[in-house]
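Here is the structure we will look at.
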């Protein structure tokens, strides 16, 4: 189970890094044919949702399960 927690933490860290890159592009780039500011905004939303999903999974793993 420790491997799972470690992997989830690493995934969260990677997703946050990607989200930061996309936020920088949203603020700095004018946009081209296929990469408009709306595209970058949507990508940031997707990464944010994925981060939340991973954090919830991690919280479930942290709580000890009580088997009766």
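Going by the conditions given, is residue 61 surrounded by 13 or more Cβ atoms within 10 Å (Cβ to Cβ), closer than 30 Å to residue 2 by Cβ and at pLDDT below 85?
yes
State all residues of region 33-58 that are in a helix (DSSP H, G or I), loosely packed, with under 14 Cβ neighbours inside 10 Å and at pLDDT below 90; if no residue qualifies, say none.
Hits for region 33-58 are 37, 38.
The values are calculated or read from the model by the stated rules, or taken from the named source; none is laboratory data. Note that the coordinates shown come from a computational prediction; the quantities given were computed from them, not determined experimentally. Using ideal geometry, Cβ is built from the backbone for each residue, glycine included, and neighbour counts are taken over all protein chains shown.
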